[in-house]
Amino acid sequence: MIGAGMHQDIVEIEQLLNCYCHAVDRGLVDEIVDAFHPDGVLLLKWKEHTLVGHRAIREWFDDYVKMVAESKQYSRHKITCPWIRIEGAKATAISYLDGECADKATGRVKISAGRYEDELVKEDGRWRFKQRAIFIDGSVSMGC
């Protein structure tokens, strides 16, 4: 049985997972960075690229947001089926990831599927990503 404290932690972690998606889709880099622990790690598994700490994560997302704004429209992604396990002030979460956007030049829609694998920590009453790994399993383009 899930206790009230664990239930609250699950809700807070789900909120973090969802807020991250909304911040990425809206290009809110400050909110993205704030979702990570200051020593947090972002693993871009499809590129075999690792970013460590707020500064590196900010720089990458600044470039990402600029690229999306210049070349994509209707960009959005979402998570489903988050599987969260909590042990004290640490947690893990695995979520499916689905995303889509339209290429401004061609109008073609790109659909991607993958997953997030997260390690989270709770400090000062707040959950943050200690490590977030992003796996893109595949993408397909459709349209005119």
Multiplying the sequence separation of D124 and E59 by 0.36 nm and subtracting their Cα-Cα distance, what value in nm do you get?
20.8 nm
Along each of the three principal axes of the Cα atoms of region 32-76, give the extent in whole Å, ordering the values from largest to smallest.
32, 23, 16
Answer check: region 86-138, Cα atoms, Kirkwood Rh, Rg/Rh ratio of 1.20
Against the longest alpha carbon principal axis of the chain, how many degrees, from 0 to 90 and to the nearest 10, is the axis of helix 4-26 turned?
20
Under 5 Å between amide hydrogens, which residues at least 5 positions from G40 or on another chain qualify, with H placed 1.01 Å from N in the peptide plane?
G53, H54
Kirkwood-based shape ratio for region 5-144, expressed as Rg/Rh from alpha carbons
0.98
With θ set to phi - 60° and the Karplus curve 6.51 cos²θ - 1.76 cosθ + 1.60, what are the ³J(HN,Hα) couplings of region 85-97 in order, to the nearest whole Hz, using x for Gly and Pro?
10, 10, 9, x, 9, 10, 8, 10, 9, 10, 9, 6, 10
Check: C-alpha center region 105-139 vs C-alpha center region 61-93, spacing in Å is 4
Can you say what percent of the DSSP beta bridges in the chain, counting only those with both residues inside, are antiparallel? Round to 5.
90
One finds, for Y74 and D34 with R0 = 25 angstrom and r their Cβ-Cβ distance, a FRET efficiency to the nearest 0.05 of 0.50
Rg/Rh for region 1-75, where both radii come from Cα atoms and Rh is the Kirkwood radius:
1.06
To the nearest 10 degrees, how steep is helix 53-71 against the longest Cα principal axis of the chain, on a 0 to 90 scale?
30
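Read-outs: derived from the displayed coordinates by stated rules, not from any lab. Predicted model, so just to flag it, every value in this text is computed and none were measured. Note that each Cβ is placed from the backbone with ideal geometry, even for glycine, and that neighbours are counted across all protein chains shown.
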